[in-house]
Amino acid sequence: MQTEPVVSLRDVSFSYGDAPVLEDVGLSVGPREAVCLVGPNGGGKTTLVKLMLGLLTPDRGEVRLFGRPPRRSRHLIGYMPQHLQYDPRFPVSVMDIVLMGRLGRGGLRGFTGWYGQDDRAAAIEALDQVGMAEQRRRPFSALSGGQRQRVMIARALCGQPQLLLLDEPTSSVDTAVEARLLELIEQLNRRMAIVMVSHDLGIVVELVKRVICVNRRVVSHPTSELTGDSIRELYGGEVRLVRHNELAH
């Protein structure tokens with residue numbers, strides 16, 4: 001059984017030019033653990049995710065995923081961005097979107113998009129996990145916002161990752177769709193680690209046991225220890241917090 005951290009950051013600092021964004025970050029995420037990154041806009045959450053993905057290199061310190069540098073572990077990561085930029089007039093299907101999750105895997109096919117039978121089977125399996133397999137031939141532009149979110153999670157799952165990085169997975173969806181997405185994330189967490197960015201603190205306390213508060217520096221808290229004072233200190237003002245986990249009995 002895997003015991004080493006899935007994500008490990010030690011003494012990590014990063015700046016954009018002369019503007020420091022993260023300082024002395026220490027963080028670890030264990031196998032099949034779910035954590036949530038919270039904090040104000042500009043606090044460094046997106047930068048922290050990019051460091052985990054290997055899209056940025058720290059000015060100081062060490063980032064390791066599965067004990068290796070991020071660039072050597074990308075095939076083990078599924079990533080869902082907050083915003084997807086695409087031309088709705090471009091004739092791309094749901095299946096086309098999900099198969100993109102297989103790009104970059106080993107061999108010539110993984111770099112050219114010449115998908116094989118194994119790739120398509122993995123895409124259909126991922127779509128089935130999010131309840132979208134029957135929609136695989138539909139144009140992506142014809143889907144609702146909640147359906148697109150599920151397809152993007154399927155794309156992240158298509159590479160059969162051991163770690164999911166989800167950036168605001170429930171943004172811009174209604175309450176019913178949000179509930180289904182949270183149930184899906186909870187199911188996925190039973191077999192893989194999940195790092196999620198969210199501003200919805202009600203979701204945070206319902207879904208994860210530990211939050212990573214990011215505002216230039218990083219502090220880890222069990223959700224049970226979140227208080228009005230700690231939230232005000234993090235965000236610099238009042239933030240509403242709904243504690244679903246204390247009501248759902």
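Let's see how each residue does on (1) surrounded by 18 or more Cβ atoms within 10 Å (Cβ to Cβ); (2) part of a strand (DSSP E or B):
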residue: 15; (1), (2): no, yes
residue: 20; (1), (2): no, yes
residue: 35; (1), (2): yes, yes
residue: 47; (1), (2): yes, no
residue: 52; (1), (2): yes, no
residue: 84; (1), (2): no, no
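Only one entry of 164, 157 meets the criterion of being closer than 28 Å to residue 68 by Cβ, within 12 Å of the chain's Cα centre (by Cα), in contact (Cβ under 8 Å) with a residue 24 or more places away in the chain and assigned to a helix (DSSP H, G or I), and that entry is 157.
Considering each of 191, 155 in turn, give the residue that is charged (D, E, K, R), crowded, with 20+ Cβ neighbours inside 10 Å and modelled with pLDDT of 90 or more.
Among 191, 155, only 155 is charged (D, E, K, R), crowded, with 20+ Cβ neighbours inside 10 Å and modelled with pLDDT of 90 or more.
One residue stands out among those in the range 113-148 that are at pLDDT 90 or above and not in a helix (DSSP H, G or I): the one that is surrounded by the most Cβ atoms within 10 Å (Cβ to Cβ), which is 132. Does at least one position in the range 48-55 carry a residue that is within 20 Å of residue 200 (Cβ to Cβ) and in contact with a helix residue (DSSP H, G or I) (Cβ under 6 Å, 6 or more places away or on another chain)? For the range 48-55, residues within 20 Å of residue 200 (Cβ to Cβ) and in contact with a helix residue (DSSP H, G or I) (Cβ under 6 Å, 6 or more places away or on another chain): absent.
From the list 34, 133, which residue is more than 18 Å from residue 163 (Cα to Cα) and either of a type in the set (A, V, I, L, M, F, W, C) or not assigned by TED's automatic domain parsing to the domain that holds residue 211 (or both)?
Working: 34 fails: more than 18 Å from residue 163 (Cα to Cα).
On inspection, the qualifying residue turns out to be 133.
Considering only residues that are under 26 Å from residue 12 (Cβ atoms) and surrounded by 18 or more Cβ atoms within 10 Å (Cβ to Cβ), which ones fall in the range 204-215? Those that are under 26 Å from residue 12 (Cβ atoms) and surrounded by 18 or more Cβ atoms within 10 Å (Cβ to Cβ): 204, 207, 208, 211, 212, 213, 214, 215.
Conditions first: (1) within 19 Å of residue 216 (Cα to Cα); (2) out of contact with any strand residue (DSSP E or B) (no Cβ under 9 Å at 6 or more places or on another chain). Residue 22 passes all but one, so which condition is the exception? Going through (1) within 19 Å of residue 216 (Cα to Cα); (2) out of contact with any strand residue (DSSP E or B) (no Cβ under 9 Å at 6 or more places or on another chain) one by one, residue 22 breaks only (2).
The values are calculated or read from the model by the stated rules, or taken from the named source; none is laboratory data. Source: prediction; values computed, not measured. Here the Cβ is made from the backbone with ideal geometry for all residues, glycine too, and neighbour counts use every protein chain on show.
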